[in-house]
Every structure is written in C-alpha cells, then in structure tokens.
Amino acid sequence: MESISKNKTIAHDIEHFAKTDERPAASRADLLDEFDTLLASHQLDNKMTKRYLGRIRLPRLIGGIGGVALCVCAVLLVLMPSTSHDNSMRYIVASGMLIGGAYIAVKFAL
C-alpha cells in the first residue's frame, strides 16, 4: 500500500515539470525562473525519476517485443513445411498474425 502512495507522489511531482512543456511561447528567461522555483519546491532525485520512467517504458517495451515475436512466429509459420496440401488457412492465419504483430509492435514502440 505504501508503494502505491509513493507512485502517486512521484507522478504528482513530475507532473509539475511536464506542465512547463505545454507552453512553447514562453521566453527562455521565464522558463529558467519557473524551473528554479519548481526545483526549489519539489525535490527530485535520480532514483525517483528512474522508477517513474521505468513504469512508463516497461509496458511499452513488453508490447513491442510481443509484437515482434508475433511477426517472427508468422514468418516461421509460412516457412514451415506443411503436412497437408491445403495451405490457404495457414497463410490466412500467418498474414493475420503478421499484420497484428506489426500493429502491436508499432503502437507500443512509438
């Protein structure tokens, strides 16, 4: 239970820094002043930001790897020698796996 509250605190602290990115028309001096006040009021260290970024990147990495694995399985399904003479169903399944794997890999990796 304690880790959940820590995660919300980290996300809340980093949210203030992300909001500064939403205003592109601000001058550099204004941004420096804003970062100065943010760093003075919110203490961030390297360990906290690594955990936060890890929780964001890990699901994307797993989805990307899963999509690539699905594409590789589809190619292997096409290249395997068949036992029957009717290969149309196998090619339909392999093409669906390939399209689905490419979609999943691109969606999660980007």
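Worth a mention:
- Candidate set: segment 73-86, residues that are in a helix (DSSP H, G or I) and free of Cβ contacts under 8 Å to residues at least 24 places away in the same chain; chosen: the one nearest to the chain's Cα centre (by Cα): Val75
- Selection within segment 65-110 - surrounded by 13 or more Cβ atoms within 10 Å (Cβ to Cβ) and of a type in the set (S, T, N, Q): Ser95
- Residue in segment 36-58 that is modelled with pLDDT of 85 or more and open to solvent by 70 Å² or more (accessible area, probe 1.4 Å) present: yes
- Enumeration of residues in segment 81-109 that are among the aliphatic types (A, V, I, L, M) and more than 14 Å from Ile65 (Cβ to Cβ): Met89, Ile92, Val93, Ala94, Met97, Leu98, Ile99
- In segment 91-110, the residues that are part of a helix (DSSP H, G or I) and within 10 Å of the chain's Cα centre (by Cα): Lys107, Phe108, Ala109
- With respect to the conditions (1) closer than 17 Å to Ile14 by Cβ; (2) at pLDDT below 80; (3) open to solvent by 60 Å² or more (accessible area, probe 1.4 Å), Asp30 falls short on a single one, namely (1).
The values are calculated or read from the model by the stated rules, or taken from the named source; none is laboratory data. None of these values were measured; they are calculated from a predicted model. Neighbour counts run over all protein chains shown; Cβ positions are idealised from the backbone, glycine included. SASA here: full protein model, heavy atoms, side chains in, ligands and nucleic acids out. Shrake-Rupley method; radii C 1.70, N 1.55, O 1.52, S 1.80 Å.
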